[in-house]
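Peer 1: Encoded as structure tokens, here's the structure I'll be asking about.
Please treat every number below as a calculation from the coordinates, not as lab data. Quick caveat: nothing in here was measured; it's all calculated off a predicted structure. Note that each Cβ is placed from the backbone with ideal geometry, even for glycine, and that neighbours are counted across all protein chains shown.
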Amino acid sequence: SSAMTMILDGKVHAERMLGEVTAAVEARAARGLRPPCLAVVIVGDDPASHVYVRGKVAACARTGIRSVERRLPADTPQAELDGIIAALNADPLVDGILVQLPLPAGLDSKRALHAIDPAKDVDGLHPVNQGLLLEGLPGLRPCTPSACMNMLRAHGVELKGIRALVLGRSEIVGKPMALMLLEQHATVTIAHSRTRDLPALCREADLLVAAVGRPGMVEGSWIKPGAVVVDVGINRVEDPALGEVIFAADPGKMKTLREKGGVLCGDVRFQEAAAVAGAITPVPGGVGLLTIAGVMANTLQACQAR
Ligand code: NDP
């Protein structure tokens, strides 16, 4: 990477956000108030989901947030899941409810998300919270994009009037990210699988947020010199032939792929992009760490709003 490229270290920002939550939880305790409480519902045995849930429970322990876990078998009927969510909604000691996605086949995740009390919806995916975001009003906002905004703010990245390109239009990352950038007066383009001339669009972007789920799709030549690149993608690459292409500028990653049989990478070819960008988030060590900090911040917010 060029000498001028700044690596946006997710760990540094996650630690700062977690430190702020910890201080607020301690301040509550000093006033005789109970700690915030997050309830995590996990259905089935998807290994990645269990890793994420463990990370969230560990972050609760670190910040002084109480956590309760509801582990349900993959064949849980929807009515039973509805009942568990209703009980958590009614529980005065529970501030935040998080249903870990994806749910096993046969369960309707929209129905589950819509069943959560919007005031406890720490993932910010209930239509009431989506509507509040659309209106620019305070509410619980999706953790990944709000943590990305927090990081950009901490770095003093100017958003007003810039050209921002959000690659991906999911409810959980792309769409809310675009709305948050718009709120900060960026000129926002949202690109997706039907977008034409994507490389040319990317080259116009002062800020590029990639949330696609395709390893190394964004090439170095797509980056505008000096642009800020936020790579949300978390992908595992196992195929050496694909690795040879996307890690051409990254012998270290290629070595790990060969040694471990797989390697994590973002949607952006990190080494290629870092040679051009002004600032960039790595994968791993970037946005992934921020998301969990965002869940903690939202749980605190939900608790303090009650
Ligand atoms: P989704 O699969 O829900 O959305 C992907 C988006 O990318 C869609 O809008 C899709 O377009 C678009 N897309 C797919 N292929 C292309 C293409 N060839 N060209 C242009 N656009 C394309 O993914 P998520 O938003 O849930 O997640 C995206 C990535 O971020 C994943 O790698 C995921 O693992 C990661 N992630 C990371 C988090 C973190 O904490 N860092 C949190 C959440 C997700 P269309 O709508 O047209 O299909």
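Peer 1: Please enumerate, by chain and number, the lysines with C-alpha under 20 Å from the C-alpha of Lys56, excluding those fewer than 8 residues away in the same chain.
Peer 2: Once the sequence-local lysines are set aside, what remains near Lys56 is Lys11, Lys120.
Peer 1: So, one more: Compute the signed sum of charges (Lys and Arg +1, Asp and Glu -1) over the other residues within less than 14 Å, Cβ to Cβ, of Arg269.
Peer 2: After counting each charged neighbour, the total is -4.
Peer 1: Could I ask something else about it? Beyond 34 Å, what share of the Cα-Cα pairs of the chain remains, rounded to the nearest whole percent?
Peer 2: So the pairs more than 34 Å apart make up 24 percent of the total in the chain.
Peer 1: What is the helix-to-structure angle for 10-30, meaning the angle in degrees between its Cα long axis and the longest Cα principal axis of the chain, kept from 0 to 90 and rounded to the nearest 10?
Peer 2: Relative to the chain, helix 10-30 is tipped by roughly 20 degrees.
Peer 1: Most exposed first by the Cβ proxy, i.e. fewest other Cβ within 10 Å, how do Ser146, Ser109 rank?
Peer 2: Listed from fewest to most nearby Cβ atoms, that is Ser109, Ser146.
Peer 1: Enumerate the whole-percent occupancy of each 10 Å bin, from 0 to the last occupied one, for all C-alpha pair distances of segment 32-117.
Peer 2: Distribution as computed: 17, 50, 28, 4, 0 percent.
Peer 1: Near the amide H of Ile162, under 5 Å away, which other amide H atoms are found, from residues 5 or more places off or on another chain, if H is placed in the peptide plane?
Peer 2: Distant-sequence amide H within range of Ile162: Thr187.
Peer 1: Moving on. Could you check the spin-label model distance between Ala275 and Met4? Points 7 Å from the Cα along Cα→Cβ, value in nm.
Peer 2: Distance between the two pseudo-spin positions: 1.7 nm.
Peer 1: Given H placed on each backbone N at 1.01 Å, which residues far from Val99 in sequence or on other chains put an amide H within less than 5 Å of it?
Peer 2: Correct list: Val41.
Peer 1: Any chance you could check the Cα centroid distance between segment 211-241 and segment 133-174 for me, in angstrom?
Peer 2: 19
Peer 1: Right, here's the next one. Please list, in order along segment 161-177, the HN-Hα scalar couplings obtained from phi with the Karplus expression 6.51 cos²θ - 1.76 cosθ + 1.60 (θ = phi - 60°), rounded to whole Hz, x for Gly and Pro.
Peer 2: x, 6, 8, 10, 10, 9, 9, x, 9, 6, 5, 8, 10, x, 4, x, 4
Peer 1: Once phi is turned into ³J(HN,Hα) by the Karplus curve 6.51 cos²θ - 1.76 cosθ + 1.60 with θ = phi - 60°, what whole-Hz value does each residue of segment 266-275 show in order, with x for glycine and proline?
Peer 2: With coefficients 6.51, -1.76 and 1.60, one gets x, 7, 10, 6, 4, 4, 4, 5, 5, 6 Hz.
Peer 1: How high is the relative contact order of segment 19-115, in percent, counting Cα pairs under 8 Å that sit 6 or more residues apart?
Peer 2: The value is 36 percent.
Peer 1: Right, here's the next one. With θ set to phi - 60°, apply the Karplus curve 6.51 cos²θ - 1.76 cosθ + 1.60 along segment 138-147 and write out the HN-Hα couplings as whole Hz, x wherever there is a Gly or Pro.
Peer 2: x, x, 7, 10, x, 5, 5, x, 5, 5
Peer 1: If you bin the C-alpha pair distances of segment 55-193 every 10 Å from 0, what whole percents do you get?
Peer 2: Result, from short to long distances: 11, 35, 33, 18, 4 percent.
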